[in-house]
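Okay, so here's the structure we're looking at.
The values are calculated or read from the model by the stated rules, or taken from the named source; none is laboratory data. Just so it is clear, the structure is predicted and the values come from calculations on it, not from any experiment. Because the Cβ atoms are built from the backbone with ideal geometry, glycine has one as well, and the counts that use them run over all protein chains shown. What goes into the accessible areas is simple: the full protein's heavy atoms, side chains included, and nothing from ligands, DNA or RNA. Shrake-Rupley method; radii C 1.70, N 1.55, O 1.52, S 1.80 Å.
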Amino acid sequence: MLNFDRWLTGYTLFGFLLVLLLSLLFFKTKFNEKSSTPQVGWVWGVAFFVILLFMRYPFIAYNKEMDIDESQMLAQALSLKNYWIYWTYVDGLTQGPLASYCLIIPSWLGMPFDYTSARLLGYVFLCITLFATFRTFANLFNWQAALLTFTPIAFFYLLSQGAFTTLYNEYVCLCLLALCFWLFSILYRQQTPDPVTLFLLGFLAGAVPFAKLQGVPTALLTVFFAGILVLMRSTRKWKAMAVLMIGGLLFPLIVAILAIRFNAIEYLWKFYILGNSRYSSGGSILEKALNYLNFLKMSGQFSCLAAGYLLLILFAGYNGLTRFLKLGKSGRPNLLFIFGLLQTLIAFYAVIKSGYTFPHYQQYIIIPLGLLTGVLLETALLNSQWSAQRVRLLSMTLLVMLFLPHLIAKLASIGGYTSKISAQINHSDLGKPLEISQVSKEITRYTQPGDAITIWGWHPAYHLETGLPQGTGDVISYRILTAAPDQKIYQNKYLSDLESRRPVVLVDQVTAHSFWFNNTISYGHEHTPKISHFIEQNYKHVATVNDERIYVRTDRLKASIAHHE
């Protein structure tokens, strides 16, 4: 939970009140004896997204780093606008190219590479994700189950005040997966699978690996179940299956051709695919699964969403768990139950696989958990034949359970009972241009527009503050400084980039107060012999700012001195 000043605290509490009033009015309108339509209506939809924007405004307008992934993606986007070729000139580690390429879009509209433009783009992607998610539930379940299943998701994104309000690096991947689920739900409603829908599902699923590999298991499972629908319902099975497969292979084929054309195929394979398959904090998958409760505790307000789904699942279980496995008239509950269960399990694997407890990973499990909950809830409601009044009582109970924890957390933040190290956002901070650090000011003394710089350590924000692209493929030094079997390969690539691209300035950002790499004895550039030798031969130490050492390429330094003389 973030800390706000008095004005923003009042603004946020007013937003909480709006969410509560809108929710009460919505449930009162929809869950009554006369309402039997699944249509939510465009007025309710617009109201939801307007309030979502209202709640997100302080974070969008706060033009400072809230998560270091934001700086990394923006620095990569800034660099890609200059170089364009991913993996050769820019390598985002676990982030796929689409996450960075999409951040170029605001610059085409005249917006700068800063946190406000990035979070505004993130808001647009979030709206698409939520719209596709709701349409998925509406297509797969009856209207009561669909609305109840979507409610925890709606409250989670409306009321979250922490890690989930930043531009997390999964924003493109989650959007693509939501669209895949939506297309699957359309296929599910069709008597005969439509070839265009099959092709689009395959194409979007094929794009997922290039947003983030973490989403691939979910995408593959969705395509697999689309294939099952083809085999069950299509009159021209092989043709329909071919359309689905062609759509799925098209995007990867385009990427592979471009990678070969621009000599990036080796980096694509070794650094992105193989490198990410080995990306792990260590330990077995069983150990990581057993640690999930600790992960959940560290995931902030995501636990409210999880609790909401637990309530709905317990309600469904109370009304007859054995019925969920029975076939309906066309086998619907059975197929969807298996689909939802497997999607939940595979998403759980994707969340825990790396072993890192980053809260934004949890979002991969949201839609799968919603699918599983929706199947159970729909069956329970149909079998119990609850009246609209009892369903409305359930909806109000869910509303209270989802709303109160967020409100309590907010009041605790106001009362000073939350972490004091959380970011403090003041009303006066909103709408300001990007703040320039002393290190960046020193960098600009020796650089010109179009120059490249490189940061030894983990602080991509200097690229944004100076407006200068990265001079090495890695904008952060994670793989170069982390002990691993392939560490030497990454170090050699880094040295090769230094030799070929010769960035004007190199900042050794490793200090006692740096992020992640904060031990100068272990992580200073001097402890990587080949790289240290190259820097010693071609760069000169010109300044130290906040313990960070700034090096300038010697030929540029001589030219700068001659110019000033």
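Values for this structure:
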item	result
Crossing angle, helix 143-159 versus the chain [Cα axis fit, 0-90 degrees, rounded to tens]	30
Exposure of C175 as accessible area (Å², to 10), given a probe of 1.4 Å and all protein chains	10
The range 390-471: GluC sites (Glu not before Pro) in DSSP loop, at most 14 other beta carbons within 10 Å	E435
Local electrostatic count at E526 - Lys and Arg +1, Asp and Glu -1, tallied over other residues with Cβ under 12 Å	0
Taking only Cα atoms of the chain, radius of gyration then Dmax in Å	25.5, 88
Counting all C-alpha pairs of the range 96-137, share separated by more than 11 Å (%)	67
Under 23 Å from the Cα of K239 - lysines, other chains or at least 8 residues apart	none
Selected from S532, L52, W458, residue furthest toward positive end of dipole (the chain; charges at beta carbon)	L52
Centroid-to-centroid separation of the range 219-266 and the range 276-306 [C-alpha atoms, Å]	31
Largest-first ordering by accessible area, 1.4 Å probe, given options W42, W84	W42, W84
20 °C / 1.002 mPa s Stokes-Einstein diffusion coefficient of the range 131-283, Kirkwood radius on C-alpha pairs, µm²/s	124
Heavy-atom accessible surface of the range 158-256: percent carbon and sulfur, 1.4 Å	77
Surface/4 of the Cα convex hull for the range 278-321, nm²	4.5
Where the chain is the region considered: accessible area per residue in Å², 1.4 Å probe	44
Ranking by accessible area, most exposed first, for M245, M66 with a 1.4 Å probe	M245, M66
Overall dimensions of the range 94-219 by Cα: Rg and Dmax, Å	15.7, 48
³J(HN,Hα) computed for each position of the range 284-293 - Karplus, 6.51 cos²θ - 1.76 cosθ + 1.60, integer Hz, glycine/proline x	7, 5, 5, 4, 5, 5, 5, 8, 5, 4
Cα gyration tensor shape for the range 213-312, rounded if a/c is under 1.5, else prolate or oblate	oblate
Degrees, to the nearest 10: 171-189 long Cα axis against longest axis of the chain	30
Three-way shape label, the range 426-511, alpha-carbon gyration tensor, a/c 1.5	oblate
Rounded percent of accessible protein surface that carbon and sulfur make up, the range 496-565, 1.4 Å probe	49
Against the rule of thumb 2.2 N^0.38 Å, how large the Cα Rg of the range 50-118 comes out	1.17
Folded to 0 to 90 degrees: helix 302-318 orientation relative to the chain principal axis, Cα	20
Of K81/K432; K64/K410; K81/K441; K81/K353; K212/K488, those spanning more than 26 Å from alpha-carbon to alpha-carbon	K81/K353
The range 196-266: trypsin sites (Lys or Arg not before Pro) in DSSP coil with no more than 15 other Cβ atoms inside 10 Å	R236
From phi via Karplus (6.51, -1.76, 1.60), per-residue ³J(HN,Hα) for the range 346-362 in Hz, x at Gly/Pro	6, 5, 4, 4, 4, 5, 9, 3, 6, x, 7, 9, 7, x, 5, 4, 4
For peptides 213-224, 144-155, 350-361, sequence by mean Cβ density within 10 Å, most packed first	144-155, 213-224, 350-361
